[in-house]
Amino acid sequence: MKDYQRERYNAAALTLSKKLERRNFVAIICQNLTAAKNQALELIDQDKSVGFGGSITVEQSGIIDELYQRNQKMIDREKTSSAEERHQVMKQALTADYFLTSINGVTEDGELVNIDSVGNRVAALTFGPDKVLAFVSMRKVYGNLATTLEMVRKNTAPLNAHRLGLEKTPCIKRGNCGDCLQSECICNTIAVTRRSMSKERIIVFLIIDEIGL
Ligand code: SF4
């Protein structure tokens, strides 16, 4: 990343962190994903349980491996062997002490926008785990709510559909979202988290590097 880009993102992150705090979120500015991972590891009590939702940013950070290495109690749907078991583990993750996730888009005013297929990620963000640790790149701060919703729907969701290997949706066939209602659709819930009721329950790591979808 060029110095001027980093400078701009740092300035914007400082502004955004104040907006997030007004909404009862905690904002932590990190220059890269490794720094975010390290800070998150420090915040997670080693005696408590950790759940996580589907997020390539969380996966790429390496935090899951490090939590396993230090014998953290993990609620991990990837370790299941059937659809039913996976479903049950995803339910258990909603009662984890900590939940790791990422955010699809953030407004300049600090609202968190997510699009979810199963809904477990937005469920955990909304209620359940005592603390939610969410990674998001400053690249995903798009503007006002309408713009952010549009970017998440028109850009992030089709990219995710291709990543997940869907076959028949308009975003696969044409490359653009067709607002589908197909059985394969991954855009079942679009959630705006405008404030946290519990102060400091949701910790947002604002990452200066351009990462994630
Ligand atoms: S609503 Fe359907 S077409 Fe649009 S991005 Fe989601 S899966 Fe693709």
Report summary line: Those residues of the range 40-78 that are touching a strand residue (DSSP E or B) at 6+ places or on another chain (Cβ under 7 Å), polar (S, T, N, Q) and surrounded by fewer than 16 Cβ atoms within 10 Å (Cβ to Cβ) come to a total of 0
**Report entry** Given (1) open to solvent by less than 50 Å² (accessible area, probe 1.4 Å); (2) modelled with pLDDT of 95 or more; (3) touching a helix residue (DSSP H, G or I) at 6+ places or on another chain (Cβ under 8 Å), number of the condition LEU125 does not satisfy
**Finding:** (3)
Query raised in the report: How about the range 1-17: which of its residues are outside any helix (DSSP H, G or I) and farther than 12 Å from SER137 by Cβ?
Result: LYS2
Query raised in the report: Just one of LYS154, LYS173, LYS168, LYS140 is in contact (Cβ under 8 Å) with a residue 60 or more places away in the chain and among the charged types (D, E, K, R); which is it?
Result: LYS140
Query - Among residues of the range 80-121, those that are assigned to a loop (DSSP other than H, G, I, E, B) and of a type in the set (Ser, Thr, Tyr), counted - result: 5
Query - Residue within the range 204-212 that is more than 12 Å from the ligand (Cβ to nearest atom), farther than 30 Å from GLN5 by Cβ, open to solvent by 20 Å² or more (accessible area, probe 1.4 Å) and in contact with a strand residue (DSSP E or B) (Cβ under 8 Å, 6 or more places away or on another chain) present - result: no
Query raised in the report: Given the range 128-177, what helices (runs of 4 or more DSSP H) lie entirely inside it while holding 2 or more residues that are more than 9 Å from the ligand (Cβ to nearest atom), farther than 19 Å from VAL192 by Cα and open to solvent by 40 Å² or more (accessible area, probe 1.4 Å)?
Result: 157-164
Query raised in the report: Looking only at the range 18-40, which residues are assigned to a helix (DSSP H, G or I) and over 20 Å from THR57 (Cα atoms)?
Result: LYS18, LYS19, LEU20, GLU21, ARG22
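The values are calculated or read from the model by the stated rules, or taken from the named source; none is laboratory data. If you're wondering where the values come from, they're calculated on a predicted model, not measured in any experiment. Don't worry about glycine lacking a Cβ; one is built from the backbone with ideal geometry, like all the others, and counts go over all protein chains shown. Heads up: the accessible areas ignore ligands, DNA and RNA and are worked out on the full protein's heavy atoms, side chains in. Shrake-Rupley method; radii C 1.70, N 1.55, O 1.52, S 1.80 Å.
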